[in-house]
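Quick note: the coordinates plus some simple rules give every number you see, no bench work behind them. Since the model is a prediction, treat every value here as computed from it, not as a measurement. As a convention, Cβ positions derive from the backbone with ideal geometry for all residues, glycine included, and neighbour counts pool all protein chains shown.
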Amino acid sequence: MRVGMLTSGGDCQSLNATMRGVAKALYRMYDDVEIIGFEDGYRGLIYADYHVMKSSDFSGILTEGGTILGTSRQPFKQMRVPDENGLDKVEAMKHTYKKLKLECLVVLGGNGSQKTANLLREEGLNIVSLPKTIDNDLWGTEMTFGFQSAVNVATNAIDCIHTTAASHGRVFIVEVMGHKVGSLTLHAGIAGGADIILIPEIPYDINIVVEALKERNRKGKRFSILAVAEGAISKEDAKLSKKELKEKRKNGVVYPSVAYELGAQIEELTGQEVRVTVPGHMQRGGEPCPYDRVLSTRVGAAAARLIKEKSYGYMVCIKDGEVDKVPLGEVAGRLKTVDPKCAMINEAKLIGICFGDE
Ligand code: F6P
């Protein structure tokens, strides 16, 4: 029996741990299973770049970040667009799958990758997918692997900033990953004791942010820390269409990211010295935290169980704290965002964290 496997999209700390979970369980379930590893995500499936994996490939990788298979971004929107040589990518993926006589394909991926997994399911392939992303923004699962490890890194960044911020009495902005969803920033911001947390789901008013900073000064606080999601947006900009926003950004001062724009505004409006820190891809690197190792082992083993049951067309998920499965058709194309009225935000507000909205 042959099972294909690939890791797709942005990497995270716990991809190897998850593949190890799938493989270890499969090797115990079947004497004759052969795992085919596709290189660099869907690219390997399209262009038939693969290798037969050995059980030893999965040893010693529980704690290793990155992915032993490599990954790449193959935008879902481009899947139906022929490549530069006129190759139909969807047909090519189906061809590779059939040529190798795969029983099924295991996909470890985030939002875009789940959409492609669903497309392949619709095209008749047997798919089992696994919820990967540091953003924890996949619909249908309470938790994604990679998220807790990234929370650790981002929190550590804020912790480090805390000591230097206290020495200098400055305003520090830490920009956290998460383009459309603020889960990572929310968790790292609370864990790191940020005074102000700005996330895409709650557009901010710069005057409210500035007032919160002034209030801290009045209380004699020497420094302030803002945890800002890379996708944070002002109330003003949130009202604009995509096109209008693009136009506005083209005509105004060009900042490397939202944190720098905010920094410039805060300096101008408060006269305080501001420093910006962007941990960036550090948040996806390093070893998986123990929570993710456990989660990855569990969802990996559960994927093998689905294969054993020939239960295809699902993403393994976490529901009510337990491992479960959700139809891929329900997951594809839907984002899980932070509810601005959720209990965690209410509690954060109770202790005085400002979200830039009130
Ligand atoms: O989806 C994970 C993520 O790290 C996002 O938080 C971030 O916006 C994006 O990927 C960065 O992508 P890339 O690695 O392609 O720059």
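Assorted remarks:
- Gyration tensor (alpha-carbon) shape descriptor, segment 1-118, a/c threshold 1.5: oblate
- Put a dot 7 Å past the Cα of ASN217, heading toward its Cβ, do the same for ILE351, and the two dots end up 2.6 nm apart.
- Charge tally in the Cβ shell below 11 Å around ASN118, where Lys, Arg are +1 and Asp, Glu are -1, ASN118 excluded: 0
- Farthest toward positive dipole pole in the chain [+1 Lys/Arg, -1 Asp/Glu at C-beta], among ILE266, GLY112, GLY352: GLY112
- Spread over its residues, the convex hull of the C-alpha atoms of the chain is 137 Å³ per residue.
- Charges were assigned to the Cβ only: +1 to each Lys and Arg, -1 to each Asp and Glu. The resulting dipole of the chain about its Cα centre is roughly 320 debye.
- Between the listed residues PRO290, ASN126, MET53, the Cα displaced farthest toward the positive end of the dipole of the chain, a dipole computed from Cβ unit charges relative to the Cα centre, is found at ASN126.
- For segment 37-196, share of DSSP beta bridges that run antiparallel, in % to the nearest 5: 25 percent
- Three-way shape call for segment 56-148 based on the alpha-carbon gyration tensor, with the a/c threshold at 1.5: prolate
- Separation between Cα centres of segment 34-63 and segment 159-186, rounded to whole Å: 37 Å
- For the chain, calculated [θ]222 nm from helices alone, where every DSSP H run of n ≥ 4 adds -39500 (n - 2.57): -12500 deg cm²/dmol
- Relative contact order [Cα under 8 Å, 6+ residues apart], segment 267-358, whole percent: 13 percent
- In the chain, the DSSP beta bridges split such that about 25 percent are antiparallel, to the nearest 5.
- Tensor-based shape of segment 136-242 (alpha-carbon gyration tensor, a/c under 1.5 rounded, otherwise prolate or oblate): oblate
- Computed over the chain: relative contact order in percent, which uses C-alpha pairs under 8 Å that are six or more apart: 24 percent
- Which listed pairs, of LYS221/LYS248; LYS115/LYS243; LYS89/LYS336; LYS243/LYS336; LYS89/LYS250, have C-alpha distances above 30 Å, in listed order: LYS221/LYS248; LYS89/LYS250
- Cα-centred dipole magnitude for segment 93-187, charges only on beta-carbon of K, R (+1) and D, E (-1), debye, nearest 20: 460 debye
- Taking the charge dipole of segment 257-332 about its Cα centre, with +1 at Lys and Arg Cβ atoms and -1 at Asp and Glu Cβ atoms, the residue from ILE307, GLY280, ILE318 reaching farthest to the positive side is ILE307.
- When both bridge partners sit in segment 1-64, DSSP labels roughly 50% of those beta bridges antiparallel.
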